Amino acid sequence: MTKTNQMWGGRFDKAPTELMLEINSSLSVDKRLYRQDITGSIAHAKMLAKQGILSIDESQKIIDGLKIVLNEIEGNNFEFKQELEDIHMAIESRLKELIGDVGGKLHTARSRNDQVATDFKIFVREECQKDILLLKELRKQLKTKAKEHIKTIMPGFTHLQVAQPVSFGFYLHAYYEMFGRDIKRFENAFDVMDECPLGSAALAGTTFDADRFFTAKELGFKQPTKNAMDSVSDRDFVLEYLSIASICSMHISRLAEELVIFSSQPFSFVKIPQEYTSGSSIMPQKCNPDACELLRAKSGRVFGGLISFLTTMKGLPLAYSKDMQEDKECLFNVCDTLSLSLKVLSEIISGIEACPQNMLNALEKGFPTATDLADWLVKKANIPFRDAHHITGKIVKFAEQHNMRLMDVPLKEMQSVCPKITQDVYNVLNVEASMNARNSYGGTAPEQVKARLNED
Ligand code: ARG
């Protein structure tokens, strides 16, 4: 019996070494594509019969055999042999064991190059759809929480310094919007991935009268790809998924970081559900936000996947090169990381508790209505904004020196800085009035947040 590869060993005298098998084999990773591979092969076999390239009987034997292989794999009755290189060869080899030589006819009018591109594209499209559902669930949780808190006042920050009063609902709505854009990006990517590479063969098309429109339709694509060389060289769909996953992970990481900060004792704005924290083995008082920290950290491996595979693809000549086999490991890792992160974050958001008094205390320390005072000077005293800013700065300095809130500064003191100030300035200096006044479209006023949350 020959020791060379059964699938392509015809011209070989020597078998690959153990090390060659180790570096060349992708089976341990790409076995995850077994279902997509069998689905693709069944569509291909149907097409071969429809076109008269195989007889109906041959095609049916192949399809029945492929279904047996599927059952074997799903029933854990399949032996994955590393020497068979990848999932495509493993399935085909088992098919031949089951149905004999006719199994070898399945590979007519295709090559592993278009086969792997098709299987993987189907996989990535399915992942986009799964992530869209997970993102929808996360947005549902954010929306529910945001609605509960459209009047809960907290500090809005810039530079992590207290800036202006906003509501906790408004803050959560910011993330609701970010994750909404991620959904759109996945939907758009799904659309861009709507062309099927199957039938492109090795790189130049096939001499057989294949119907690529038929297989594209069977596999849920809108149409076949338009250039066979591009089809087998293209991994844009992988990179696009990794890019979107990176942006989405960046959003997750920012929210997780804020939850870490906001749940720490000096802030104490929120309580993270205890099931998502852990204790310390030495400090009994600790309740550490481990899950949020890990959500923050996991963005690293997602970005890593993108950079790693971009680097792999950069400079590859057309068409297929074995380098491209490296696409699966990083994508699978990113898919798993992203879906776990989205699930965990949804649960954390649904269980998060706000501590409004602490939010208010932190807010009051930061002179959050200084902008309202400056705006009042512009509107009521007809002072140019630049001057109003300067006057307000002086009043803030006084308040700071006397350890009081802006609304506690006596009118006399204010008038000594600017005689035009009158009693009704105090109407704009409390934080609730300040928040309610920001009623521009997309502003933090409760009316706005409620309307925007109800829009979708
Ligand atoms: N295991 C390979 C991959 O994942 C399949 C394609 C192999 N094609 C080839 N010409 N060797 O990329």
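The values are calculated or read from the model by the stated rules, or taken from the named source; none is laboratory data. Since the structure is predicted, the reported quantities are computational estimates derived from the model, not experimental observations. For neighbour counting, all protein chains shown are included, and Cβ atoms are generated from backbone atoms with ideal geometry for every residue, glycine included. Side chains are part of the model used for accessible areas, which takes the heavy atoms of the whole protein and leaves out ligands, DNA and RNA. Shrake-Rupley method; radii C 1.70, N 1.55, O 1.52, S 1.80 Å.
Could you list, in their original order, any pairs among K67/K140; K14/K61; K298/K322; K143/K298; K226/K343; K147/K222 whose Cα atoms are separated by more than 31 Å?
Table pairs above 31 Å Cα-Cα are K67/K140; K14/K61; K226/K343; K147/K222.
First select every other residue whose beta carbon is under 14 angstrom from the beta carbon of K365; then total the charges, Lys and Arg +1, Asp and Glu -1. With Lys, Arg at +1 and Asp, Glu at -1, the net is -2. Here the simple spin-label model places points 7 Å from the Cα toward Cβ, and for F12 and E79 these points are separated by 1.9 nm. Evaluated with a Cβ-only charge set (Lys, Arg +1; Asp, Glu -1), the chain carries a dipole of roughly 1280 debye about its Cα centre, given to the nearest 20. For segment 81-110, the residues whose amide N sits under 19 Å from a probe point set 7 Å from the Cα of I68 along the beta carbon direction are 81, 88-107. For a label point 7 angstrom out from the Cα of S28 toward its Cβ, which stretches of segment 69-111 have the backbone nitrogen within less than 19 Å? Once the point is set 7 Å along Cα→Cβ of S28, 78-91 turn out to lie under 19 Å by backbone N, inside segment 69-111. With 30 Å as the limit on Cα-Cα distance, the pairs of K96/K328; K286/K450; K50/K136 that go past it are K286/K450; K50/K136.
Summed over the residues of the chain and divided among them, the accessible surface reaches 50 Å² per residue at a probe radius of 1.4 Å.
The calculated FRET efficiency for D209 paired with E353, based on their beta-carbon distance and R0 = 56 Å, is about 0.25. Between the beta carbons of Q265 and F385, assuming R0 = 35 Å, the FRET efficiency works out to 0.35 to the nearest 0.05.
Tell me which of G279, I247, F214 sits at the most positive position along the dipole axis of segment 160-303, charges placed on C-beta atoms (Lys, Arg +1; Asp, Glu -1). Result: G279.
Take peptides 146-156, 370-380, 270-280 and line them up by average Cβ neighbours within 10 Å, highest first, as a rough protection proxy.
146-156, 370-380, 270-280
Computed from label points 7 Å out along Cα-Cβ, the spacing between E148 and K217 is 5.1 nm.
Residue pairs exceeding 18 angstrom between C-alpha atoms, taken from K46/K217; K151/K184; K31/K81; K130/K184: K151/K184.
If you bin all the Cα-Cα distances of the chain at 10 Å, starting from zero, the percentages per bin are 4, 16, 20, 17, 14, 11, 8, 5, 3, 1, 0.
Using the average count of surrounding beta-carbon atoms within 10 Å as a protection proxy, the listed peptides 111-118, 53-60, 335-342, 27-34 rank, highest first, as 111-118, 335-342, 27-34, 53-60. Working from Cα pairs under 8 Å separated by at least six residues, relative contact order for segment 221-301 is 28 percent. Each Cα pair under 8 Å and six or more residues apart adds its sequence gap; the mean of these over the residue count of the chain is a relative contact order of 15 percent. With the highest mean first, a sort of the peptides 171-182, 35-46, 304-315 on other beta-carbon atoms found within 10 angstrom per residue produces 35-46, 171-182, 304-315.
With a simple spin-label model that places each label point 7 Å from the Cα along the Cα-to-Cβ direction, the separation between N427 and D236 comes to 5.8 nm.
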